[in-house]
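Below is one structure, written out as structure tokens; comments come after it.
The values are calculated or read from the model by the stated rules, or taken from the named source; none is laboratory data. This structure is a prediction, so every number in the text was calculated from the model and none was measured. Heads up, the Cβs are rebuilt from the backbone with ideal geometry, glycines too, and the neighbour counts pull from every protein chain shown. The protein model used for the area step is the full one, side chains on, heavy atoms only, and it has no ligands, DNA or RNA in it. Shrake-Rupley method; radii C 1.70, N 1.55, O 1.52, S 1.80 Å.
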Amino acid sequence: MISLKALSKNPFKSLLIFSSITIAVMAIFLISSVSQGIIGMFSKMIKTDGDIIITQKGISDTFFSNVNIALMDKIDKLEHVTTSYAMIVGASPIGHIPIAGIYGTSANHFSHYKLSSGKYPNEGEVILGENLAKQFTTKNINIGNKNFEISGTYSSEIGFEEGGVVMNMGDAGNLFNRSASFILVSSDSPNEIDEIVKKISNLNSEIEVKTTQNFVKEYNQFKIIENSSFVISTLAFAMGLMGIASVMSMIVNSRKEEFGIMRALGKSRFFIIKNLFFETLIMSFSAYLFALFLSFGILALLPHIEMLQGYVNGTLSLTSAIYVLASTLFMALLGSLFPAWIASKTDPILLINQGCA
Amino acid sequence: MIQASNISHFYGSEQVLFDLSFEIKSGEFLFLSGESGSGKSTLLSILSTLLKPSMGELLIDTEAVDKIKNIDYFRQSKIGFVFQFHYLINYLSVYENIALAAMDNKKENINRILDELGILELSSRYPNEISGGQRQRVAVARALVNEPKIIFADEPTGSLDSKNSTIVYGLLAEAVKNGTTVVVASHDMQIQNYATKIIRLKDGQIL
Ligand SMILES: Nc1ncnc2c1ncn2[C@@H]1O[C@H](COP(=O)(O)OP(=O)(O)O)[C@@H](O)[C@H]1O
Ligand SMILES: [Mg+2]
């Protein structure tokens, strides 16, 4: 097959196209999947343990929200409410680590964090996520200028949490100067959730009550991440695609002489375009597969990179993989076949001479 | 075999061929001579259908070139080319280069021609693995493979030493003996010894 010969006899050019396509495709995958991963982790954290979330009215970010923990007594008395618990999420320097997540939680929620050693914390104590624990050998730890005793370590499926510490509500409240960031409520009856939301809303005028489903959908931080990652990955994608198209057309231009010779020998335009089509297809498809493979590899490694402490995670959706494949092939073919088509209309001798120059 | 009438050619606004009319008869060995820049390559490209003339009419084998429906088939079956710089395809072997040009029913000629030209043992080598003289012989073999009615050669010995030049001229003369019409553009006067007709060009006009 002549396309394969052309590719294998010009290994440098082939490698150039191959790696430029690989890099472009990988950039697209990594940028979009990492941001999707971050969103996925955070929404998982909120969704797994509650049906309803209560935050401070008008405060769009859980970091700044302050809700009175005393509400929980009233909420627990509502019909169809099984449990409720409060959380404070914050971030602060921990020992020599410049910034890490801090999760204050009411005692009935400690079980969410699976103990891998020690015991759950009392007042003045913390447990460390496993990733963070690797960084400390001491018995005590300094968090926001306060000293805590380490009572144990925990593991979690959620990368965020493994890089942070868990403490009691009271301690976190002192640290971040609030009652609770949000309260999560579980119900035993999915049909009643809207009703419960209404009832809780009526308890207090300073709160905002939403199903966790809706909260995740509308959460501003997610929108910001999503929008900016969309912009960045679209730009990376566009640049990658233009790179692919321009490398392809450079290669085609450098082969004008060859096309001129083929035309002089009586080879048809169709013959030339057909061979180039297969060359481009083989090249861009294999580069795509390679990029996909590398991206999966990198995404699988990310959670294990200590420096990132599990904060960066990535998932790659089938739709985006297909979308990227289609556009990669399209641009590669456009970049090669369009100039080849134009070239094939030129008088053969001019192609041969242009190729020389 | 070839009838050229009132051929003129312009590159942009610069006219390089001026109203040329002449005839090339079947079986002739025509030598297109002239200094560098006189228009030999341009005329040869036009005669060989690789360049459309700005003006004028060209008949090859009684067919008007601008009316030919399948120019690809016409080129492949009737015309052979030899260029100054061999123009072999670098990613194909000697054999494959010739096979690329060969029509399906002429593929059996390949080994015979390679043998006649003394390059059969180079069949599986690539163009960058053989000498300049050998490459040019491969180019001649490629031009001969379809047993064309006409062979065009533009400075076929331009990059060869005199020993290899003589070999190439010998091969072209051999083709003429077998009934092929050969048109060679060159500033090398050595061809005079082989040619049956000479057309001299100067500044795009026939002297
Ligand atoms: N592709 C081209 N574009 C513009 N001018 C050209 C081109 N090819 C040749 N010429 C000009 O046409 C004239 C004739 O060139 P050419 O046919 O190559 O002559 P020769 O083969 O006798 O040296 C020269 O003046 C040359 O500069
Ligand atoms: Mg010339």
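Among the conditions (1) open to solvent by 20 Å² or more (accessible area, probe 1.4 Å); (2) part of a strand (DSSP E or B); (3) within 9 Å of chain A (Cβ to nearest Cβ), the only one that B:GLU57 does not satisfy is (3). If you go through the stretch B:82-132 and pick out every residue that is hydrophobic (A, V, I, L, M, F, W, C) and within 16 Å of ligand 1 (Cβ to nearest atom), you end up with 3. When residues in the stretch B:182-205 are screened for being more than 16 Å from ligand 1 (Cβ to nearest atom) and either of a type in the set (D, E, K, R) or touching a Pro at 6+ places or on another chain (Cβ under 9 Å) (or both), 1 of them pass. Here B:HIS187 meets each of (1) away from ligand 2 (no atom under 16 Å from the Cβ); (2) open to solvent by 70 Å² or more (accessible area, probe 1.4 Å); (3) of a type outside the set (D, E, K, R) with one exception, condition (1). I'd like to check something: does the stretch B:25-33 contain any residue that is within 16 Å of ligand 2 (Cβ to nearest atom), more than 26 Å from A:GLU258 (Cβ to Cβ) and among the aromatic types (Phe, Trp, Tyr)? Scanning the stretch B:25-33, I find at least one residue that is within 16 Å of ligand 2 (Cβ to nearest atom), more than 26 Å from A:GLU258 (Cβ to Cβ) and among the aromatic types (Phe, Trp, Tyr), so the answer is yes. Going residue by residue through the stretch B:21-35, is there one that turns out to be surrounded by fewer than 17 Cβ atoms within 10 Å (Cβ to Cβ), within 16 Å of ligand 1 (Cβ to nearest atom), within 28 Å of B:GLY132 (Cβ to Cβ) and within 14 Å of chain A (Cβ to nearest Cβ)? Checked against the condition, which is being surrounded by fewer than 17 Cβ atoms within 10 Å (Cβ to Cβ), within 16 Å of ligand 1 (Cβ to nearest atom), within 28 Å of B:GLY132 (Cβ to Cβ) and within 14 Å of chain A (Cβ to nearest Cβ), the stretch B:21-35 yields no hits at all. The numbered conditions (1) away from ligand 2 (no atom under 16 Å from the Cβ); (2) in a loop (DSSP other than H, G, I, E, B) are all true for B:ARG75 except (2).
As a summary of the residue check, A:SER111 satisfies the conditions (1) small (Gly, Ala, Ser); (2) surrounded by 14 or more Cβ atoms within 10 Å (Cβ to Cβ); (3) outside any strand (DSSP E or B) except for the one numbered (2). For the stretch A:133-192, no strands (runs of 3 or more DSSP E) sit wholly inside it while including 3 or more residues that are surrounded by fewer than 17 Cβ atoms within 10 Å (Cβ to Cβ) and touching a residue at least 40 places away in the same chain (Cβ under 8 Å).
Within the stretch B:60-83, restricting attention to residues that are touching a residue at least 60 places away in the same chain (Cβ under 8 Å) and more than 12 Å from every other protein chain (Cβ to nearest Cβ), the residue that is least open to solvent (accessible area, probe 1.4 Å) is B:ILE60. Could you check, for the stretch B:4-19, whether at least one of its residues is part of a strand (DSSP E or B), on the phi < 0 side of the Ramachandran plot and away from ligand 1 (no atom under 16 Å from the Cβ)? Scanning the stretch B:4-19, I find at least one residue that is part of a strand (DSSP E or B), on the phi < 0 side of the Ramachandran plot and away from ligand 1 (no atom under 16 Å from the Cβ), so the answer is yes. Just give me the residues in the stretch A:217-259 being surrounded by 19 or more Cβ atoms within 10 Å (Cβ to Cβ), over 13 Å from A:THR328 (Cα atoms) and among the β-branched types (Val, Ile, Thr), in sequence order. Selection gives A:ILE251, A:VAL252.
Within the stretch A:267-280, one or more residues are open to solvent by 50 Å² or more (accessible area, probe 1.4 Å) and either in contact with a Phe, Trp or Tyr (Cβ under 9 Å, 6 or more places away or on another chain) or among the polar types (S, T, N, Q) (or both). Of the residues screened, A:GLU208 is not one that is at pLDDT 85 or above and within 14 Å of another protein chain (Cβ to nearest Cβ). Taking the stretch B:148-163 as the range and being more than 16 Å from ligand 2 (Cβ to nearest atom) and either surrounded by 18 or more Cβ atoms within 10 Å (Cβ to Cβ) or part of a loop (DSSP other than H, G, I, E, B) (or both) as the test, the residues that pass are B:PRO148, B:LYS149, B:ILE150, B:ILE151, B:ASP161. I'd like to verify a number: residues in the stretch B:97-118 that are more than 20 Å from the chain's Cα centre (by Cα) and crowded, with 18+ Cβ neighbours inside 10 Å, how many? Count: 0. For the stretch B:43-54, residues that are within 16 Å of ligand 2 (Cβ to nearest atom) and either crowded, with 21+ Cβ neighbours inside 10 Å or aromatic (Phe, Trp, Tyr) (or both) total 7.
Would you mind stating whether B:GLY80 is away from ligand 2 (no atom under 16 Å from the Cβ), in contact with a helix residue (DSSP H, G or I) (Cβ under 7 Å, 6 or more places away or on another chain) and of a type outside the set (Ser, Thr, Tyr)? Here the answer is yes, as B:GLY80 does meet what is asked. Taken over the stretch A:321-333, the criterion of being out of contact with any helix residue (DSSP H, G or I) (no Cβ under 6 Å at 6 or more places or on another chain) and open to solvent by 30 Å² or more (accessible area, probe 1.4 Å) is satisfied by A:ILE322, A:TYR323, A:ALA326, A:PHE330.
Table: residues versus (1) away from chain B (no Cβ under 14 Å); (2) at pLDDT below 85; (3) closer than 30 Å to B:ALA99 by Cα; (4) in a helix (DSSP H, G or I).
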residue	(1), (2), (3), (4)
A:LYS217	yes, yes, no, yes
A:VAL252	yes, yes, yes, yes
A:PHE259	no, no, yes, yes
A:PHE270	no, no, yes, yes
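Being within 16 Å of ligand 2 (Cβ to nearest atom) and more than 20 Å from the chain's Cα centre (by Cα) narrows it down to one of B:TYR91, B:TYR87, B:TYR11, so name that one. B:TYR11 is the lone residue from the list that is within 16 Å of ligand 2 (Cβ to nearest atom) and more than 20 Å from the chain's Cα centre (by Cα).
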